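Here's the structure, in C-alpha cells; my notes come after.
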Amino acid sequence: MNAVNFSDLRKNLKSYLDRVYEDHETIIVARKNNENVVMVSIDEYNSLVETAHLLSTEANSRHLAQSIRQARDGNAIRRDLVEQ
C-alpha cells in the first residue's frame, strides 16, 4: 500500500490508475485536514463488498468458519462440476 499526496496524484493520474488496476495496488490519497481516501481496483472493491456481505450475519459467519475448519481437517468432499 502506497500513499501519495493529492498534487502528485493529479500530475500522474494515469500512472496511479494503471498501478491500481493492473497491479491491484492500493493507494492512499493524503489530503488536507486528514480527509484521506483510498483507491482500489473494482475487482478488489467487489471482493471486499462480497466478503462483508458473507460475514454480515453471525449465523453465516459461523457456518463459513465451520466449513473452513472442515476443509482444513480433510473432512471435505471433492466434487467435479458437470457442464450441461
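The values are calculated or read from the model by the stated rules, or taken from the named source; none is laboratory data. These figures come from a predicted structure and were not determined experimentally. Quick reminder, even Gly has a Cβ in these numbers, built from the backbone with ideal geometry, and neighbours come from all protein chains shown.
One table, with the values for the structure above:
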read-out: Among residues of region 1-59, those that are β-branched (V, I, T), surrounded by fewer than 12 Cβ atoms within 10 Å (Cβ to Cβ) and at pLDDT 95 or above, counted; value: 3
read-out: Subset tally (residues that are of a type in the set (S, T, N, Q) and part of a helix (DSSP H, G or I)) for region 51-84; value: 6
read-out: Lone unmet requirement of (1) more than 19 Å from the chain's Cα centre (by Cα); (2) surrounded by 10 or more Cβ atoms within 10 Å (Cβ to Cβ); (3) hydrophobic (A, V, I, L, M, F, W, C); (4) modelled with pLDDT under 95 for L81; value: (2)
read-out: Those residues of region 1-50 which are in contact with a Ser or Thr (Cβ under 9 Å, 6 or more places away or on another chain), closer than 25 Å to I68 by Cβ and not in a loop (DSSP other than H, G, I, E, B), in sequence order; value: E44
